[in-house]
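Where a number appears in this text, it was derived from the coordinates with a stated rule and is not lab data. Quantities reported herein were computed from a predicted structural model and do not represent experimental measurements. We place every Cβ from the backbone using ideal geometry, glycine too, and count neighbours over all the protein chains shown.
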Amino acid sequence: MRPFCFRKRYKMKKLTSLIVAAALFASALCACSFGSGSSGSDEISLSFEAMDTFISAKLYGAQQETVDKIESEIKRLDSELSVVNAEGENNYVYRLNRDGSAQVSDDVAELARQSLELCKSTNGALDVTVYPFIEEWGFVSKDYKIPSKSRLSELSGLVNYSNVAQSGSNLSFKKEGMKLDFGAVAKGYAADMVQKILKDNASSAIVNLGGTVLAFGKKHDESLWRVGIADPDNSAAYMGMLSCTDKIIATSGSYERCFTGEDGKTYSHIIDPKTGIPVDNGILSVTIISDSGLRSDALSTALFVMGKEGAEKYYRENKDFDYIILAADKKAYVTAGVYDDFKLADGYDYKTIIVE
Ligand code: AMP
Ligand code: MG
């Protein structure tokens with residue numbers, strides 16, 4: 001099956017309600033399999049929409065106030081990080097992008113500091129200033145278009161994370177017209193925040209932030225959580241399962257937000273900051289497994305941009321995370337740390353290759 005991508009705007013409008021329903025279903029289903037042994041009288045469920053996605057959780061050994069706190073903290077972070085939220089007093093990223101500088105909350109300052117470090121360590125494969133390109137391709141308005149080369153080269157002057165100045169909680173741009181967007185890292189950062197809340201307030205939990213999954217503790221029967229890895233050809237299905245505990249798992253997929261242009265080519269929402277062009281390197285998805293949500297989310301995007309060889313190199317230089325990379329030639333590259341914990345689902349014939 002081909003990835004589901006938007007073809008033309010008029011088609012998109014007709015399909016909107018269907019897509020919304022499908023997206024909610026897919027993200028709820030795709031991230032985790034709760035399996036047997038996780039149910040119990042002390043289970044509390046949570047589901048709501050925030051961060052432009054569907055968020056769901058099952059908590060064990062927790063009080064309702066913990067669940068409420070998780071929801072309110074995620075919503076707070078969402079309004080602080082939103083690039084489109086013109087309302088309210090705490091829309092720090094919106095104001096930074098509008099005014100070119102802003103005094104931000106401690107949370108946003110910390111996220112900025114860590115994200116900028118990750119931009120540097122990935123040599124700009126992750127670049128939190130890529131937003132002007134994202135807008136130009138229509139990924140914000142959903143009015144997709146293929147920009148001209150000259151327009152992309154004009155915009156390239158605005159895209160460079162090293163032109164973001166940070167002094168404590170003050171952020172500013174060194175060039176007029178730059179924009180910051182934490183879209184590639186925000187769900188991971190939110191997962192870290194949820195993990196902190198859970199540490200003293202729940203015995204175990206599985207939390208799915210639109211495909212970024214926090215597997216906290218173990219199931220009631222002491223078995224590991226099983227997290228589904230989406231099938232890139234049909235993201236409502238799993239192509240494999242990963243058993244894990246106390247990990248945050250983030251996936252970047254070329255199938256997630258993409259469109260088919262007038263030229264018949266499919267363009268994904270992950271952009272190479274050096275060219276301004278959506279990445280097309282034979283990778284379908286990158287799943288990162290680590291102890292840090294921010295790191296998992298940042299690296300899922302960055303390693304996608306780096307490509308298979310770049311990802312391997314980065315892994316060997318760092319080794320504080322694991323990955324599962326699915327390639328268009330039906331190969332699954334799986335790092336040694338999770339190789340034994342990853343099982344293909346029935347009917348999937350990916351050739352699994354260990355990366356050491
Ligand atoms: P993710 O799904 O975590 O890979 O995040 C992808 C989102 O991050 C996109 O929808 C864009 O808004 C933004 N993005 C795309 N390419 C990059 C990049 N190379 N660096 C940082 N953010 C990006
Ligand atoms: Mg990411």
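Counting charges near residue 306 (Lys, Arg +1; Asp, Glu -1) among other residues having Cβ under 12 Å from its Cβ returns a value of -1. When the charge dipole of the range 214-277 is built from unit charges on Cβ atoms (+1 for Lys and Arg, -1 for Asp and Glu) and taken about the Cα centre, the candidate among 237, 253, 225 whose Cα reaches farthest toward its positive end is 225. Here the extension length gained between residue 345 and residue 151 equals 65.4 nm, from 0.36 nm per residue of separation less the Cα-Cα distance.
Which net charge results when you count Lys and Arg as +1 and Asp and Glu as -1 among the other residues whose beta-carbon is under 11 Å from that of residue 243? Net charge around residue 243: +3. Here each label is just a point 7 Å from Cα along the line to Cβ, and for residue 135 and residue 43 those points are 4.5 nm apart. Positive contributions from Lys and Arg (+1) and negative ones from Asp and Glu (-1), summed over other residues with Cβ under 12 Å from the Cβ of residue 181, come out at -2. Summed over all non-identical Cα pairs, the Kirkwood treatment of the range 204-323 gives a radius of 15.2 Å. Reported value for the chain: 137 Å³ per residue, from the convex hull of its C-alpha atoms. Report, for the chain, the % of DSSP beta bridges that are antiparallel, rounded to 5. DSSP beta bridges in the chain are roughly 90 percent antiparallel. Summarising the amide proton neighbourhood of residue 345: residues at separation of 5 or more, or on other chains, whose placed amide H is nearer than 5 Å comprise 240, 241. For the residue pairs 142/265; 69/343; 274/308, the alpha carbons lie more than 23 Å apart in 69/343.
Based on the alpha-carbon gyration tensor of the range 275-356 and its eigenvalue square roots a ≥ b ≥ c, which shape applies: rounded if a/c is under 1.5, prolate if not and a/b is larger than b/c, or oblate? In terms of gyration-tensor shape, oblate.
Think of the chain as a dipole: +1 on every Lys or Arg Cβ, -1 on every Asp or Glu Cβ, centred on the Cα centre; then among 140, 292, 118, 140 lies furthest on the positive end.
Looking at the range 51-89, none of the trypsin sites (Lys or Arg not before Pro) sits in a DSSP loop with at most 15 other Cβ atoms within 10 Å of its own Cβ.
For the chain, a simple Cβ point-charge model (Lys and Arg +1, Asp and Glu -1, everything else neutral) yields a dipole of about 1180 debye relative to the Cα centre.
When the Cα gyration tensor is reduced to axis lengths a ≥ b ≥ c, the ratio a/c is 1.5 or higher for the range 132-187, and with a/b not above b/c it is classed as oblate. Would you work out which of 267, 318, 168 lies farthest towards the positive end of the dipole of the chain, given +1 charges on the beta-carbon of Lys and Arg and -1 on that of Asp and Glu, about the Cα centre? The listed residue farthest towards the positive side: 267.
Of the peptides 214-222, 227-235, the ranking by mean beta-carbon count within 10 Å, highest at the top, reads 227-235, 214-222.
For the range 41-175, the gyration tensor built on C-alpha atoms gives a prolate shape. Its axis ratio a/c (a ≥ b ≥ c) is at least 1.5, and a/b is the larger of a/b and b/c. Ranked for footprinting exposure by Cβ neighbours inside 10 Å, fewest first, 143, 322, 280, 181 give 143, 280, 181, 322.
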